[in-house]
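Colleague: Take a look at the following structure, please.
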Amino acid sequence: MHAHLTPVSSSSDSACPARPDLPTPQAPAAAFSPAGRSPFSTAPAVDAAAFDVVPDRRGTASLKWDFAAERGRPENVLPLWVADMDHATAPAVTNALLWRTRHGIFGYSDPDDAYNAALTGWFSRRYGWQVEAGWNTVTPGVVPALALAVRALTAPGEAVLIEEPVYYPFREVVEDNGRTVAAVPLVRDADGVYRRDLAALESTIEATGSRLLLLCNPHNPVGRVWSRDELAALDEVAARHGVVVAADEIHADLALPGFATTPFASLSEATAARTITCTSPSKSFNLAGLQVANILIADAHLREAFRRELATTGYSQPNVLGLTACRAAYEGGEAWLDALREHIAAARAHVEARLERIEGIEAAPCEGTYLLWLDCSGFLEATGLEPDALDDVMLHEAGIWLDDGRIFGAGGEGFTRINVACPRATLDAALDRLEAAVATVTARAGQAARRGRVALSA
């Protein structure tokens with residue numbers, strides 16, 4: 001029987017209760033004065049226990065929780081697929097949004113000096129990377145920015161480089177815009193760690209004439225946080241062949257303790273001149289629905305090409321609540337983010353420990369993101385199942401909704417991706433379901449094999 005998760009609510013008489021831990025929203029002039037420090041830079045103490053509160057997300061038009069039937073999944077499935085968290089965002093962000101909504105006017109807005117200071121300060125403090133505000137172009141998201149880069153820098157029919165298995169929109173933004181995918185496989189070593197095959201990358205560039213590489217840094221789904229040396233080696237190949245790099249660094253803030261993301265453009269001024277850096281607080285602060293991304297392009301000509309393409313869409317002013325949330329996250333969310341990273345690291349370790357009891361499934365080594373890449377090849381081999389049966393087992397035998405590895409391209413067969421950014425109770429419920437399903441399917445396969453042998457001997 002599937003475990004029942006009891007939601008925790010702070011109010012019995014409101015569908016959207018007030019957060020008791022939040023200070024009273026500031027008056028407009030005080031809250032958003034460009035002079036001095038914002039009140040959102042003073043964050044309340046982080047209570048790590050908050051990450052294990054089980055929210056009730058149903059009935060909120062949540063893609064993750066409310067649209068199983070519409071997407072052909074069972075209604076009672078436990079969703080750990082799409083990359084958003086079952087955690088409330090940082091209190092500094094919620095406080096800022098409360099003030100902004102109570103102000104009640106949602107007219108056209110643009111990034112102001114305070115926003116720019118929050119943005120550049122974040123990259124300076126967290127990465128030692130000195131970003132100029134003038135480099136930034138705000139878009140509704142990183143995936144739209146990748147599509148814009150493809151259209152701005154390549155012509156229909158031209159090849160665009162990706163490294164598979166990789167986040168599936170990489171392939172989609174290439175093919176949907178009439179370009180050709182030039183996929184270079186990542187290589188998994190004896191320890192299960194994914195490495196880049198530079199020789200294969202270079203030969204693919206030479207064979208296809210590709211001028212654009214979509215880089216995932218850190219890598220989704222395999223969990224690599226590429227080292228500075230690895231990125232420098234990639235940069236040398238890209239520079240030698242005149243390849244521009246569009247770097248999706250949306251998971252940069254989520255390098256796990258002991259690892260550090262190196263922004264690709266931070267390697268050198270020359271590297272920055274060939275790079276479109278796609279960033280957003282949406283993954284690290286759970287703000288995907290507010291649709292704000294910061295696209296950093298140091299080179300004036302490259303930036304102008306990108307902005308011209310953006311102009312063709314008719315998009316101009318960004319979402320005002322997205323701007324508010326991003327500023328607040330970068331001004332007051334650091335302590336919360338560091339606590340989140342510890343929570344994710346603990347969740348990863350917990351999953352790895354639980355998998356020791358689940359025959360045939362193991363996690364690839366993970367250095368960043370809240371997504372774990374699960375190798376199910378042993379389970380498939382033990383049961384005689386083909387890779388295309390794996391998702392059916394997860395959905396209908398285990399009752400959990402994960403992202404099947406095949407959607408991530410070559411090398412994804414026999415893998416599945418699980419989102420561990422959730423309360424421990426939710427994670428344990430999913431692992432309980434998985435353990436029971438694997439045991440049942442394995443036993444059933446064993447019985448079928450024995451019956452087959454008996455029939456043959458008779």
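Colleague: Would you kindly identify the helices (runs of 4 or more DSSP H) lying entirely within segment 64-172 that contain at least 3 residues that are within 25 Å of Leu215 (Cβ to Cβ) and outside the structural domain of Ile418 (by TED's automatic domain parsing)?
Modeller: 113-127, 142-153
Colleague: Look at segment 228-278 and say how many of its residues are free of Cβ contacts under 8 Å to residues at least 40 places away in the same chain and under 17 Å from Leu213 (Cα atoms).
Modeller: The number of residues fulfilling the criteria is 24.
Colleague: Answer yes or no as to whether Ala311 is farther than 17 Å from Trp122 by Cβ, surrounded by fewer than 17 Cβ atoms within 10 Å (Cβ to Cβ), without any contact (Cβ under 8 Å) to a residue 12 or more places away in the chain and in the same structural domain as Ala270 (by TED's automatic domain parsing).
Modeller: Here the answer is yes, as Ala311 does meet what is asked.
Colleague: Is there any pair linking a residue in segment 282-293 that is more than 15 Å from Ala339 (Cα to Cα) to one that is of a type in the set (Ser, Thr, Tyr), with Cβ under 6 Å and at least six apart or on different chains, and which?
Modeller: Ala288/Ser282; Ala293/Thr139; Ala293/Ser280
Colleague: Give the number of residues within segment 349-369 that are in contact with a Gly (Cβ under 9 Å, 6 or more places away or on another chain) and either within 26 Å of Ser227 (Cβ to Cβ) or of a type in the set (Phe, Trp, Tyr) (or both).
Modeller: 8
Colleague: Just the residues that are buried (at least 24 other Cβ atoms within 10 Å of the Cβ) and in a loop (DSSP other than H, G, I, E, B), please, taken from segment 288-300.
Modeller: Scanning segment 288-300 gives Val292, Ile297.
Colleague: In segment 165-180, what count of residues is obtained for those that are of a type in the set (D, E, K, R) and under 11 Å from Ile407 (Cβ atoms)?
Modeller: The number of residues fulfilling the criteria is 2.
Colleague: Return yes when Ile250 is closer than 23 Å to Leu302 by Cα, within 13 Å of the chain's Cα centre (by Cα) and either among the hydrophobic types (A, V, I, L, M, F, W, C) or not in a helix (DSSP H, G or I) (or both) and no when it is not.
Modeller: yes
Colleague: What do you reckon, is Ala339 within 30 Å of Phe415 (Cα to Cα) and surrounded by fewer than 15 Cβ atoms within 10 Å (Cβ to Cβ)?
Modeller: no
Colleague: Does Thr262 satisfy the condition of being β-branched (Val, Ile, Thr) and not in a helix (DSSP H, G or I)?
Modeller: yes
Colleague: Looking at Trp81 and the list (1) more than 19 Å from Gly332 (Cα to Cα); (2) among the hydrophobic types (A, V, I, L, M, F, W, C); (3) surrounded by fewer than 19 Cβ atoms within 10 Å (Cβ to Cβ), which single condition is not satisfied?
Modeller: Failing condition for Trp81: (3).
Colleague: So which residues in segment 396-443 are touching a residue at least 24 places away in the same chain (Cβ under 8 Å) and of a type in the set (D, E, K, R)?
Modeller: Matches in segment 396-443: Glu397, Asp403, Glu413, Arg417, Arg424, Asp428, Asp432, Arg433, Glu435.
Colleague: Against the condition crowded, with 19+ Cβ neighbours inside 10 Å and closer than 18 Å to Pro79 by Cα, how does Ile407 come out, does it pass?
Modeller: no
Colleague: With the requirement that a residue be surrounded by 15 or more Cβ atoms within 10 Å (Cβ to Cβ) and in contact (Cβ under 8 Å) with a residue 60 or more places away in the chain, what does segment 59-78 give you?
Modeller: Ala68, Arg73, Val77, Leu78
Colleague: Next question, about the same structure. Evaluate the following for Ala329: is it buried (at least 21 other Cβ atoms within 10 Å of the Cβ), outside any strand (DSSP E or B) and of a type outside the set (Asp, Glu)?
Modeller: In short, yes.
Colleague: Another one. Any chance segment 1-23 includes a residue that's among the basic types (Lys, Arg), in a loop (DSSP other than H, G, I, E, B), at pLDDT 95 or above and under 28 Å from the mean Cα position of the chain (by Cα)?
Modeller: no
Colleague: Determine, yes or no, whether Ser203 is in the same structural domain as Ala155 (by TED's automatic domain parsing), free of Cβ contacts under 8 Å to residues at least 60 places away in the same chain, more than 19 Å from Leu371 (Cβ to Cβ) and buried (at least 18 other Cβ atoms within 10 Å of the Cβ).
Modeller: no
Colleague: Follow-up. Filter segment 357-379 for residues that are within 22 Å of Pro423 (Cβ to Cβ) and surrounded by fewer than 18 Cβ atoms within 10 Å (Cβ to Cβ) and give the result.
Modeller: Hit for segment 357-379 is Arg357, nothing else.
The values are calculated or read from the model by the stated rules, or taken from the named source; none is laboratory data. Bear in mind the structure is a predicted one, so any value in this text is a computation, not a measurement. Glycine gets a Cβ as well: all are built from the backbone with ideal geometry, and neighbour counts include every protein chain shown.
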